[in-house]
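Engineer: The structure's right below; bear with me while I get my questions together.
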Amino acid sequence: MEILTQSYVHGLMTATSATRKRDIEAKENLWSSILGEVQTVHGNTKLPSNKSVLVLGDNESGKTTLVAKLQGVEDPKKGSGLEYAFIDVRDEYRDDATRLGMWTLDGDPGHRNLLKYALNELSYAHTLVIVTLSMKTPWNWLDQLQYWMKVLEDHIAGLPLEPDVKQQCQARVLTNWQNYCETFDDLFVPASPIGKRINGLSSVDDDVLTLQEDVLTTNLGLDVVVVVTKTDYMATLEMELEYRDEHFDFMQQWLRRLCLAYGASLFYTSAKEDKNCDLLYRYLTHRIYGLPFQTPAFVVEKDAIFVPAGWDNRPKISILYENLLSCKADDDYDTIIASPPSSRNESNRETEISTEDEQAFLARQQQLLHQGKPRGESPLRSCSPKKVDGRPTPGTQSGEGVLANFFNSLLHKKSISPGPTSVVASPRTTSDEVPTSDEISIRTEAALELDRLARSVNKDFDPSTVQSDC
């Protein structure tokens, strides 16, 4: 009995020791598991370094200034071709930082071939696109936006992408659009993947995947942000081109409809007045890295519009139709927002005159001399007056002969002014010399002749009938 008791006690001790050992091992494994999960989570949430932004737009659309503003650079340097820069991005919640690459393509169509360096099969899934439009030339907005989106579409079609890569990127753009949720009082309410947004809240609805007809009709698989720059120029449009709120509403509704078709966000910015630039930076980091962003859409201030992707729809856009009094929403954009006459920009330009090469001119004159042809009349001679109504003009033919004879006689004879009759004095005339009776007679006749000629000129000459070669 005693032996059995000792064996039982020994067994209990052994079992207890084994249990403790297992508990210790389990605790160690638990801590190892927790540490492993922390390392895994930390590794997965680290900001990636392969993200980039591609900035497109016509020349003078504000691309360089916009990128410099996002970088915090005060003095932007404009380059050519394809420029590269980066923006420092920091996640304060995870105490992590990275650099966001910024590619800026020159607006010259001849540089389109450089797109392959900024957007290729490796970077396609990690790229966001910004298309810039300038408020200085709103009449070009539609053509410019459609042109650059077509450039993107053609370029992506030529990329050697894996069959499922583009589909996955397009599905991501669609999901982000559908999962957009508004914020209220700084409270962010995440949406369900199949949730329907009602005043910013989510409710389950199986029909949410059905998009409206005009939404995401062109899905490139890329996040697109349309940025209208230089909104401070609105005041100039109002003053110089008489733009009214109706014009700006018409422009905005057209632009928002196009953004719906491409699934794009819309920003109105002014680097000069620092409007929406910081908001754009925070929105980019939210879309690219998933950083918190709780700013709702606002469309009240005409020069600081913000429409995030997924918020807009046709009913919201139709609110602007109420302000369109002299036009309709579907009117031709180029007709309502017409380009101003080019003469306004070219009226002060001086006409450029190109001179003939000196050697070529001399060679041509030499050839004319050899051919015996006249070289042309003197410009001064070509400006001399012609006959008036078939009669000789004063100072020509007989009139010229009379005056020539008269002045020639004065050069050979001494003369003074006899009494009231005025004649031209010869340089040789002195006050001590007394003219003879013949000289006085000749001078008197010349004075009478001059007086007769003067009366004849005043009577017969009509300036309106004079023709000139000049």
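Engineer: Are any residues in the range 250-283 more than 26 Å from V173 (Cβ to Cβ) and either within 19 Å of the chain's Cα centre (by Cα) or open to solvent by 20 Å² or more (accessible area, probe 1.4 Å) (or both), and if so, which ones?
Structural biologist: S270, A271, K272, E273, D274, K275 - these are the residues of the range 250-283 that are more than 26 Å from V173 (Cβ to Cβ) and either within 19 Å of the chain's Cα centre (by Cα) or open to solvent by 20 Å² or more (accessible area, probe 1.4 Å) (or both).
For every residue, the table says whether it meets (1) farther than 30 Å from D95 by Cβ; (2) open to solvent by less than 30 Å² (accessible area, probe 1.4 Å); (3) β-branched (V, I, T); (4) touching a Ser or Thr at 6+ places or on another chain (Cβ under 7 Å).
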position: L211; (1), (2), (3), (4): yes, no, no, no
position: L216; (1), (2), (3), (4): yes, yes, no, no
position: T229; (1), (2), (3), (4): yes, yes, yes, yes
position: Y233; (1), (2), (3), (4): yes, no, no, no
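Engineer: In the range 80-103, what residues are touching a residue at least 40 places away in the same chain (Cβ under 8 Å) and either open to solvent by 10 Å² or more (accessible area, probe 1.4 Å) or out of contact with any strand residue (DSSP E or B) (no Cβ under 6 Å at 6 or more places or on another chain) (or both)?
Structural biologist: D91, Y93, R94, D96, A97, T98, R99, W103
Engineer: Taking the condition of being within 12 Å of the chain's Cα centre (by Cα) and open to solvent by 10 Å² or more (accessible area, probe 1.4 Å), how many residues in the range 126-144 meet it?
Structural biologist: Result for the range 126-144: 5.
Engineer: Separate question: Go through the range 270-294 and give me each residue that's assigned to a loop (DSSP other than H, G, I, E, B) and closer than 24 Å to H126 by Cβ.
Structural biologist: Scanning the range 270-294 gives G290, L291, P292, F293.
Engineer: Now for a different question. Does M251 count as touching a Pro at 6+ places or on another chain (Cβ under 7 Å), closer than 25 Å to V67 by Cα and part of a helix (DSSP H, G or I)?
Structural biologist: Answer is yes for this residue.
Engineer: Separate question: Out of L325, L241, report the one residue that is over 28 Å from V173 (Cα atoms), surrounded by fewer than 15 Cβ atoms within 10 Å (Cβ to Cβ), in contact (Cβ under 8 Å) with a residue 24 or more places away in the chain and under 24 Å from the mean Cα position of the chain (by Cα).
Structural biologist: Residue meeting the stated conditions: L241.
Engineer: Looking at the range 51-72, I want the residues that are more than 22 Å from E273 (Cβ to Cβ) and have a partner that is acidic (D, E) with Cβ atoms under 8 Å, at least 6 apart or on another chain. Which pairs are those?
Structural biologist: These pairs meet every condition: N59/D106; N59/D108.
Engineer: Output the residue which, of all residues in the range 127-144 that are out of contact with any helix residue (DSSP H, G or I) (no Cβ under 6 Å at 6 or more places or on another chain) and assigned to a helix (DSSP H, G or I), is nearest to V55 (Cα to Cα).
Structural biologist: Q144
Engineer: Just checking, how many residues over the range 145-156 are open to solvent by 20 Å² or more (accessible area, probe 1.4 Å) and touching a residue at least 40 places away in the same chain (Cβ under 8 Å)?
Structural biologist: The total comes to 3.
The values are calculated or read from the model by the stated rules, or taken from the named source; none is laboratory data. In this text, all values refer to a predicted model and were calculated from it rather than measured experimentally. Cβ: placed from backbone, ideal geometry, glycine included. Neighbour counts: every protein chain shown. Heavy atoms of the whole protein, side chains included, go into the accessibility calculation; ligands, DNA and RNA do not. Shrake-Rupley method; radii C 1.70, N 1.55, O 1.52, S 1.80 Å.
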